[in-house]
Structures are given as structure tokens and as C-alpha cells.
Amino acid sequence: MNQQDKQNKEDIKTAITPDIPDYSRTERNKIPKQFTWKTEDLYPDLSSWEKDKTELTAMISRIPELSQEWTTSPEAMYRLMSHVTETEKKENRTYLYTSLSSDTDMSDSAWQARKGELYSVSVDFGAMLSFMDPDILELGKAKIETYIQAEPRLEVYRRDFEAVLRMEQHVLSADKEQIVTRSGMFSNTPSKAAGILRDVDIPAPQLTLSSGEKIRLNTSNYVRHRASEIRGDRKKVMRAYWKNQTRYRNTHAALMDGAIKSHYFQVGVRNYNSCLEAALFPNNIDTAVYHNLISTVQENLAPLHRYLKLKARMLKLDRMEYEDIYASSVPAAEKKFTIEQAKQMVLESLEPLGDEYGTVLKTGFESRWMDIYANKGKRSGAYSNGSGFGAHPFVLMNYNGTLNHVSTLAHEFGHSLHSWFSNKYQPFPLSHYPIFLAEVASTFNETLLVHYMMEKEKDPLFKLHILDGYLEDLRGTLFRQSLFANFEAAMHEHVEKGQTLTADWLDTTYLNLTRLYYGHKENVTKVDKYIQSEWCGIPHFYYNFYVYQYSTGISAATALADMVIQGGKAEQERYLDFLKSGRTKYPLDALKDAGVDLTTPAPIITTIRKFDETLDRMETLLTEVS
């Protein structure tokens, strides 16, 4: 063995068995500081937060005074608008502080209470502003234009005014707006209760794995062990986890029914034709975009089925079962990466975006923007929360060292840097990019990470593993989220018909869709009946037509990433301009300017074609290692 081979062997050994701590059963206050996010960047201590909360209340109390005759002159309008802006900044900052603290220990009732208190303040704030939309409509487009000309500082609010004018038929009188807005005090209760039920209150069963190791099957351990290379373990883990959740299916169903009916409430009072239209109209997205996604994916399930059959062959299975989906097709090549290794990989993979992007990303990694590992009581999953008020974004992770979690790191910092660029290059009223665009920058980063790893990696076996992970991401983001979008549409349509979402209806509908997408009848994947309650564990179903944006987002991101990878400085700048645009444009227009048109099936079909081409590449590599 030559020196290079020895070094390669050591590198692989380091990657496979690094020091990745497991704090999943550790109390929050015992987690080393360097692994936690630095909430002191928001407030140095609780008393500082209390002071700001008091100031926030005072600022809100000034609004009635400033609202008197606020549309009678450009100066009066600007006084109110600028005050509202500063109030929103303080509201966002105080709420974020409580949200970050409560998410890292959901069993801490004090933080839950503070978060609830701030949420109530936010609802009161929104209700107090209920006069604005009716007043803007009464003032009219022409008068507003003369005001902007007379007071140029109102220009940053032009998009807000235009959005209200566009919503004319859906805006109520001031007194009715206040009543409807105040319903927000309880409209998120089903989502909040479902999260606490799922992550805190449902007792986690204890399991003994084939190795003899005993685990407490909380959400973090479920995600870890459902991908076990030992089939018996992953089957045991998945069955135990979902059968445990199923014990609470009726409670989950009642919460889901309440959430969907709160969406339907808005349809009736605001004169929409459907829950879908109500969710998409504010961002100027035609409902055809949603239906086009579902129909296009359903018509192109053949590549997904091809992938699942290939995966079964690589796992040496006669037939895939749903419990096999998360297992790596190349388990022998699975490596573990420390968080430091993961950071370096993400930094290098995103070098095509230039120095400014790289510098900000490195700062985020080094300055505790991220809460890294799972701890007892911590919220499951991962997210990025952008600030928009002078503070940096914050990233929640539950990092376990797998390639999938390296990809998640790239994904969440894609969100964060999208927020950072929007906040830097746009004034606060224009900085919050639409939710429809939220998943573009994140999945774009994942695509660049895969490209980087395929360029750098020499081992064909691990290349297979990378491609398998990429296809798994596409499966989870395009096909699975389209399935979820299909289910979400069905739930809303059921409620719109005057029906109740019962556990039986939810189970049956979810199981039928899952079997359709995964080819149960075609003998592609066996989907056992217990999977029918998987909907209980999907928090995004409470988010009012959010999930489809993962699918449209990855379709747009795939096209944009190809442009940057194959292009040069111009393509890089075009993409960065997209990140900087905030909410200066409607989302479909922003994507068209960046080079992607989601009003047609083309981007979705292109992404499915990319999926199919990656399968070709995977099969070619498979012959090299056979």
C-alpha cells in the first residue's frame, strides 16, 4: 500500500467514525455553548427582552393616535407607516427570541408562556391595524400615487399599497377586519398543540435493536434509525413509531380538522371561491399552478417507480417495502461527517456564488448562527429563521453526521443567506420575500453540493451513494411533497363540502395516495396499512398550502443551478439579483426574471427528466462497482 492509499484510508476512517455527540437525552442547560445558537445577539439577557417587550406595547398603543386622519396628507401617511415599520421590527425581534428559546426546550413552560404572550401581542397589533386596508381602498390608486410623488419616502410602501388595492374584493370594513384579525389568537392552536403532542407529550416507546442497543424512539431517533442498513431494524422502528402515533390518531384528526376549518373560515368571510384560492391569491399565483404540479407529477411517476425498482435491486430485495425507502442503496459507502467537515464541504460547494456569499456563510458558521445537535425537549427537524430587523438569521439543526444532514445544512443556510441578502439590499418593508420563493435558494444549495461532491469524489461506490442521496432528495422534495400537496388539497376540498376530517377519512385518503405514488398496485413498493396514519407526523399540513412550494421550489432551483454551474459571471449575478430582490416583485415574475417560468409544466418536466438522467448515470456507475 503506497502512502497516498494509506492517507485515503485514514481519511475514510476519519469520515466514517468521527466524533458526533449524541445529546438527544441531555437537558438543554447541559449542552456546550459552542453547539448552541447565540440568542445573546438578539438580547443579552431576559431583562433586556422584557424592556423591549414593554416598549413594543407602548409603540402599539400609539397607533390609534397616529391613525387619526392618516390618509389626509402625505406627511401624516408617512408618520404612521414609518411607525408601523419600527413596531414590526421590534415585534419580530421580541417574538423571535421567545421562539428560539422555546423550540430548544419545548418542555419549558416559562418560554412557552412568553411565546404565547408575544403571539397575543402580535395578534393585537394586527387587529389594531385593521383600519389600514379599508382606508387605502377608500383613498384610491390615483391619490396614493400623488402622495408618493409628494413624499418620496413613501415609495418603499408602494408594493404594500398595490397589494391592498389588488385585494379590494377580499377586504372587509374596518370593524369586521378587526374581528377577523383577532381570530388569529386561536387559529394556530391546532398546529401548536399537534407539535407539542408529537414531540413532547406522546410517550416514546423503548426498542431493542438487533445489536442489543436499547433506544427511546423519539422523533430524532426515529429519523436516525429508519435509515438503518439492517432491514429488520428499520422495519421495527417504522412500525413501532407510527403505531405509537396511531394511538393518538383521533386527537390528531380533531386538531387537523380545526386547522383546515380555520382556513375555510377565511374563504367565507373574505369572498374567495376556495381555500386554495385564498392561500395563493395574495402572491398573485393562479390555482392552475398548483393543479398543474399535481397533474404533471402524477402523469410522470414512471421515473420514480424506476428508481424504486433500482433501489430494490441494489438492496438485494425482491420488492421494495415502504420501510426500505430511507435506507441507503449503497450502505457500505455510508460515511459520517463531523459538523466541521460538513461546514467545509458546504463552503466549498457554494464557491460558484462568489466571495460575498462565501464570506457571509463562513461568518454564520463561525458566529453561532446555528443550534447544532438534538437535545432533550428540542423541536425536531430543521429550519432557518431570518430576522429582517438588523440581526442575523438563525438555523435549527438536529445534526447526526449523515450525508443527508450535510445536505440539510446546505439547505437551511440557503434560506438564511436568501434572508440575509434580501435584508441587506432591500428596506425592511420590501425585504420579506414571498413564501412561494422560500424553497428555491435552499434546494439550489443542495444541488450545488451534489455537483461539488461528484466532482471531488474518486470512489465510484461513494459516488453511487451521493447520487442515491440526490435522487432521494428529489423523491422527497418533488414526488413526496406533490403527494402531500395532493392530500392537502383533498382535505380542504372535503371540508369545503361541509364534511369533517375524521381519523378514518384521513387514514384512507392518505393511504390511497401513498399507494398510488409509490406503485403499490404495480408491485413497485409494498405500502402496508399502518402507513395510513403517517399524516399525523407532518407538521406542514397545518401551514395552509405550504408543501407544494417544496416541489415548485426544487423545480425552479434545478433550472437555476444548471444556469450557474454551466454559466459564468452573468449567471452568478442574475441569481444573486434574485436573492437580493426580496418582495419587490410577485414570485412568479421574480422567477421569470431569473430564467424560470412556473406557469408552464416545463420546469417540472425538466426536473423529472433530470431525475431520469441521474438514474442513467447511477446505473452506469453500478456496472463499475459490480
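Rule-based calculations on the coordinates, nothing more; no lab input. What you see is a predicted model, and the numbers here were worked out from it, not measured in a lab. Note that each Cβ is placed from the backbone with ideal geometry, even for glycine, and that neighbours are counted across all protein chains shown.
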Test of the criteria: in the stretch 519-563, which trypsin sites (Lys or Arg not before Pro) are in a DSSP loop and have at most 11 other Cβ atoms within 10 angstrom of their Cβ? LYS521
Angle between the chain longest axis and helix 438-456 axis [Cα atoms, degrees, rounded to 10]: 30
How do PHE421, PHE35 rank when sorted from fewest to most other Cβ atoms within 10 Å of their own Cβ? PHE35, PHE421
Compute the distance from the alpha-carbon center of the stretch 278-315 to that of the stretch 83-129, in whole Å. 36
Tell me the net charge near SER367. Cut-off is 14 Å between Cβ atoms, SER367 excluded, with +1 for each Lys or Arg and -1 for each Asp or Glu. +1
DSSP bridge orientation in the chain - percent antiparallel, rounded to nearest 5: 60
Where the centre of each part is set by its Cα atoms, how far does the stretch 513-552 sit from the stretch 565-626, in angstrom? 25
Residues of the stretch 536-574 with amide N under 16 Å of a point placed 7 Å along Cα→Cβ from MET454: 555, 557-567
May I have the extent of the alpha carbons of the stretch 41-187 along their three principal axes, as whole Å values ordered from largest to smallest? 53, 29, 24
Within 10 Å, count the other beta carbons around each residue, average over each peptide in 505-513, 373-381, 392-400, and list them highest first. 392-400, 373-381, 505-513
Segment LEU317-GLN298, length gained on full extension (0.36 nm per residue, minus Cα span): 4.3 nm
Partner lysines for LYS497 [C-alpha distance under 22 Å; skip if fewer than 8 residues away on the same chain]: LYS261
For the stretch 398-553, what D do you get in µm² per second when you plug the Kirkwood radius from alpha-carbon pairs into Stokes-Einstein at 4 °C and 1.567 mPa s? 72
Pick the calculated Rg and Dmax of the Cα atoms in Å for this structure from (1) 24.8, 84; (2) 24.1, 72; (3) 29.4, 99? (1)
How far, in degrees from 0 to 90, does helix 249-270 lean away from the longest principal axis of the Cα atoms of the chain, to the nearest 10? 40
When ranked by the protection proxy of mean other Cβ atoms within 10 Å per residue, highest first, what sequence do the peptides 358-371, 612-625 form? 358-371, 612-625
Pairs of lysines 8 or more apart, or on different chains, with alpha carbons under 24 Å: count those in the stretch 41-187, would you? 9
Run through all the Cα pairs of the stretch 306-442 and give the fraction in each 10 Å bin from 0, expressed as whole percent. 11, 34, 30, 18, 7, 1
Plugging the Cβ-Cβ distance of LEU46 and ASP504 into 1/(1 + (r/R0)^6) at R0 = 35 Å yields, to the nearest 0.05, a FRET efficiency of 0.15
Along the dipole axis of the chain (charges at Cβ: +1 for Lys and Arg, -1 for Asp and Glu; origin at the Cα centre), the most positive-end residue among ILE31, ALA438, PHE131 is ILE31
Summing +1 for each Lys or Arg and -1 for each Asp or Glu, what net charge is found among the other residues whose Cβ lies under 13 Å from the Cβ of LYS343? -2
5 angstrom amide H check on LYS526, placed H, neighbours 5+ away: MET320, GLU321, TYR322
Taking the Cα-to-Cβ direction at GLN566 and at GLN34 and moving 7 Å from each Cα, how far apart do the two end points lie in nm? 4.4
The stretch 199-242 and the stretch 379-438: distance between their alpha carbon centers, rounded to Å: 29
Nearest 10, in degrees from 0 to 90: the angle of helix 480-496 to the longest Cα principal axis of the chain is 50
